[in-house]
Structure formats: structure tokens, C-alpha cells
């Protein structure tokens with residue numbers, strides 16, 4: 001135990017305020033973070049690369065988060081740090097050039113200390129790769145931290161950093177946030193500046209942001225990474241709770257027409273009751289009618305196309321295709337499935353996306369917000385979504401659990417998982433809220449209101465630094 005134990009309980013805004021007032025040196029924030037990482041990362045395995053020397057050099061930057069330690073998800077480049085996308089195909093790869101997103105991170109004053117774990121290419125809902133191993137959930141070490149931003153979620157839930165970069169192509173911010181008891185906000189499509197070079201259909205589904213313990217960290221970070229030239233309503237810094245009632249549509253059936261587990265259903269009913277108590281009008285509706293199985297096939301088709309493109313790039317660079325085992329079995333299976341669909345696969349996937357998006361947005365046109373569970377199941381055990389399992393089993397298990405989140409990536413909507421509930425065993429359960437494209441400010445205002453009504457910031461996982469040290 002050290003004098004820095006209590007720092008683990010503070011969010012990013014509070015840590016930056018200590019530095020700004022001269023009550024703590026930036027180096028002390030970094031030393032405290034390094035101490036926490038050394039103590040707990042060998043257990044939860046959230047951080048895959050650590051560069052404390054480089055971080056000390058970067059700690060002199062100015063900005064609203066000046067001095068606050070930060071992690072970048074390993075699907076996203078940051079200059080001088082490994083960029084493996086969780087795959088043996090890119091083991092040893094290091095990002096060379098800054099991106100608009102990494103420049104905004106630096107300008108915010110955040111001190112990037114390293115990279116957080118991800119599933120291979122960000123494809124699976126569990127972060128347990130053949131390159132880096134499994135990331136454990138600080139609420140129950142036998143459970144997955146989910147994915148693909150599992151490393152970010154485990155790091156924040158364990159108190160290693162106050163918030164961490166994450167990205168979301170089908171729920172990869174919101175799902176780990178749900179199972180790790182965190183706030184996970186996915187911005188509207190195009191809200192943030194570009195994070196990675198190149199473009200793909202899969203990349204167009206993906207939003208960059210973070211997982212956090214507080215809404216204010218998320219809101220400030222979003223304001224600092226916003227693309228001010230995007231064709232969206234300007235966001236700026238959302239600072240306060242909503243001040244008007246909303247019309248909220250609520251349903252529980254997944255896009256496969258299945259009901260969630262009983263514990264999830266009870267949590268959803270509690271979320272509805274909370275919204276009503278806050279003055280909102282909640283209406284139970286039928287789930288929007290679009291073809292869920294077709295959407296799932298289209299999603300993995302564009303994912304397969306993305307990986308196929310990476311394989312072609314490596315083959316051209318080295319003059320030969322990579323070894324068979326450079327990809328995990330599941331990743332190779334979806335590439336093979338994409339190739340088997342033929343040259344029309346991408347065009348067909350885009351048609352499915354367009355139809356699903358139109359149906360979803362039409363069904364919600366008369367509402368401000370949609371409310372569903374984040375997941376249809378309770379947090380899963382390690383191995384449940386292991387990349388070495390047969391692809392069809394993984395696809396079926398994913399479809400059962402992840403039946404609410406992907407449509408918002410396809411439709412470009414802002415969406416968030418809010419840590420309002422828990423199972424009888426104490427495992428976190430998120431409530432999921434979404435709004436129309438561009439309505440990020442409305443959703444953040446609702447998040448502040450929910451946080452004020454049901455504070456969650458001081459709920460700590462059993463395997464977190466504050467819980468272990470009673471900080």
C-alpha cells in the first residue's frame with residue numbers, strides 16, 4: 001500500500017484537476033498507475049504492451065486531461081507502440097505514424113502508457129487470443145471481460161486507468177462495459193476523427209471512443225475527439241443531465257426473435273421503472289422488424305472481406321501468403337466463408353445493411369430513445385467464445401447473446417450501455433439505450449440523469465485495486 005492508493009478511485013477529470021491545482025505532479029499520477037498495473041495486470045491480463053519510459057516523455061503535454069494515464073486498444077495505431085490487432089499475423093508490428101485520432105489523444109493531455117487487449121481483428125465477443133491469451137473479468141476471474149474491447153474494460157474495472165480507449169463495430173464498447181460494470185458509449189457514425197489508415201466496409205461500422213467509470217469522462221473525451229467537420233449536428237462538451245421528458249420505446253426480443261434470460265428480463269423491467277420514475281414516457285413496442293440472421297451473415301461477410309484484404313497486403317509485402325496458423329481458426333473460417341460467397345458478397349451485405357437500417361430507423365422515428373438489454377445473457381465463462389471452437393458454434397453463441405447492439409452500428413446511431421443492474425451473484429448487467437443518428441448529446445444528457453439517480457462510480461469489482469487495498 002502507498003500514498004497513491006486512493007487515486008485509483010478517481011475518474012479522469014478528478015485526476016486531471018489534482019494536477020491542474022498543483023496538488024499532484026504528473027509523474028506521481030504515472031507512478032501510481034504503474035504500481036497498479038504491476039500489481040494487477042499479471043492477473044487480469046488487460047494490458048498487452050507497456051511503455052512507461054515513453055509515457056514519461058509524453059507526460060508534459062497540455063490539455064483538459066493533462067497527466068492522466070491512458071490505454072489505446074490494440075486494433076488502433078498509436079505511434080511507437082505495437083499494433084498487432086490481437087493477431088499473430090501482425091505480431092511484432094509497430095505503428096510508425098500518428099493519426100488524427102492519436103493526435104487528439106495527445107492534445108487532450110492524456111498520457112498513453114500502452115495498448116489494451118482485443119480479440120483478433122476485433123471480431124469476437126471475448127478477448128482471449130492465441131497471441132496474448134485470455135483477459136479476465138475483475139468481477140469474476142472465471143468469466144470473460146467480453147470483447148472486443150475486453151482489455152480496455154478489464155483495465156478500467158480493475159482500476160488500472162480511469163478510462164480507456166475502445167472501439168465498437170457491433171457492440172465492442174457496449175458489451176464489455178456491460179459485463180464489467182462500466183459506462184460504454186458508442187458515438188454516431190462519423191462523430192470522431194479518423195483513427196486508422198485505410199477504409200473498409202467493416203471500418204465504416206466502427207466507432208472510436210472509450211469505456212469509463214463516469215459519464216463526465218466519456219463526455220469530455222468525446223468533445224475532444226469530435227470531428228468538427230462531420231456532417232452531424234455539432235456536439236461540443238455535454239456537461240449536464242437531461243432537462244426534459246423523453247418518449248422511450250422498449251422491447252426485449254433479440255434480432256433473432258428470442259427473449260433474454262430471466263435475470264436480464266428483470267433488469268430490463270427495473271430500467272423501465274427507473275425511466276418512468278424520472279418522468280419519461282416508456283412504451284413497450286414490438287422489436288423492429290428486420291432480418292437478424294441475414295444481418296449477422298452480412299456483418300461477418302464484411303469482416304471476412306477486411307481480413308482477406310489484410311492477408312492480401314501481407315502476401316504482397318512478403319511475396320508469399322502467411323502461414324496457415326497466422327490466423328486463429330475462427331478468423332480463417334470467416335475469410336473462407338467470405339471467399340465462398342463469391343464476388344457479389346460485399347454488394348449483397350450492403351443491401352442487407354441498408355434494408356435493416358431503414359426498417360430500424362422507421363420503427364423508432366416517433367421516439368427519442370430506444371431501451372433494450374445490452375445482452376440477452378449473463379456474462380459468460382472463459383472459453384465460451386474461444387476462437388478455437390468450431391465457427392458455427394461461435395456464430396450461434398454470439399447470435400444468442402448479442403442480439404441488440406449490431407443494428408446501431410449499421411444504422412449509424414449513438415448507443416450506450418449503462419451499469420444499472422447486477423445478477424443475483426453480483427455480476428454486472430447493462431441497460432442499453434440508443435437514439436437517432438446525430439443525437440449524441442441527448443443520449444449523454446440521459447446518461448448523466450441515470451448516473452445521478454443510480455450512482456455506480458463507487459461500485460468496485462472484487463479483483464480491483466480499490467477493493468483489494470480498501471483504498
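The values are calculated or read from the model by the stated rules, or taken from the named source; none is laboratory data. Just so we're clear, the structure is a prediction, and the values are computed from it rather than from any experiment. All Cβ positions, glycine included, derive from the backbone under ideal geometry; neighbour counts span all protein chains shown.
Assorted remarks:
Conditions (1) in contact with a strand residue (DSSP E or B) (Cβ under 8 Å, 6 or more places away or on another chain); (2) farther than 24 Å from residue 103 by Cα, marked per residue:
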site: 17; (1), (2): no, no
site: 26; (1), (2): yes, no
site: 32; (1), (2): no, yes
site: 35; (1), (2): no, yes
site: 39; (1), (2): no, yes
site: 44; (1), (2): yes, yes
site: 47; (1), (2): yes, no
site: 52; (1), (2): yes, no
site: 65; (1), (2): no, no
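- Pairing residues of segment 48-59 that are outside the structural domain of residue 77 (by TED's automatic domain parsing) and more than 23 Å from residue 153 (Cα to Cα) with residues that are in a helix (DSSP H, G or I) and modelled with pLDDT of 95 or more, at Cβ distances under 8 Å and at least 6 apart in sequence or on separate chains, gives no pairs at all.
- For segment 115-138, a tally of residues being assigned to a helix (DSSP H, G or I) and more than 14 Å from the chain's Cα centre (by Cα) returns 1.
- Scanning segment 327-351 for residues being farther than 25 Å from residue 387 by Cβ and buried (at least 21 other Cβ atoms within 10 Å of the Cβ) gives a total of 0.
This table checks each residue for (1) in a strand (DSSP E or B); (2) buried (at least 24 other Cβ atoms within 10 Å of the Cβ); (3) in contact with a strand residue (DSSP E or B) (Cβ under 7 Å, 6 or more places away or on another chain).
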| site | (1), (2), (3) |
| --- | --- |
| 104 | no, no, no |
| 113 | yes, yes, yes |
| 154 | no, yes, yes |
| 159 | no, yes, no |
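- In segment 1-47, the residues that are assigned to a loop (DSSP other than H, G, I, E, B), in contact (Cβ under 8 Å) with a residue 12 or more places away in the chain and more than 20 Å from residue 108 (Cα to Cα): 1, 2, 4, 45, 46
- Pair list, Cβ < 6 Å and 6+ apart or interchain, from segment 122-147 residues that are in the same structural domain as residue 166 (by TED's automatic domain parsing) and in contact (Cβ under 8 Å) with a residue 12 or more places away in the chain to residues that are surrounded by fewer than 24 Cβ atoms within 10 Å (Cβ to Cβ) and part of a strand (DSSP E or B): 128/134; 137/143; 142/381; 143/381
- Any hit, segment 419-441, residues being in a helix (DSSP H, G or I) and either assigned by TED's automatic domain parsing to the domain that holds residue 253 or in contact with a strand residue (DSSP E or B) (Cβ under 8 Å, 6 or more places away or on another chain) (or both): yes
Table: residues versus (1) surrounded by fewer than 19 Cβ atoms within 10 Å (Cβ to Cβ); (2) touching a helix residue (DSSP H, G or I) at 6+ places or on another chain (Cβ under 7 Å).
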| residue | (1), (2) |
| --- | --- |
| 375 | no, yes |
| 381 | yes, no |
| 396 | yes, no |
| 412 | no, no |
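- The sole residue among 92, 80 that is part of a loop (DSSP other than H, G, I, E, B), over 19 Å from the mean Cα position of the chain (by Cα), surrounded by fewer than 24 Cβ atoms within 10 Å (Cβ to Cβ) and touching a residue at least 24 places away in the same chain (Cβ under 8 Å) is 80.
- Residue within segment 191-200 that is assigned by TED's automatic domain parsing to the domain that holds residue 94, under 22 Å from residue 306 (Cα atoms), more than 14 Å from the chain's Cα centre (by Cα) and surrounded by 24 or more Cβ atoms within 10 Å (Cβ to Cβ) present: yes
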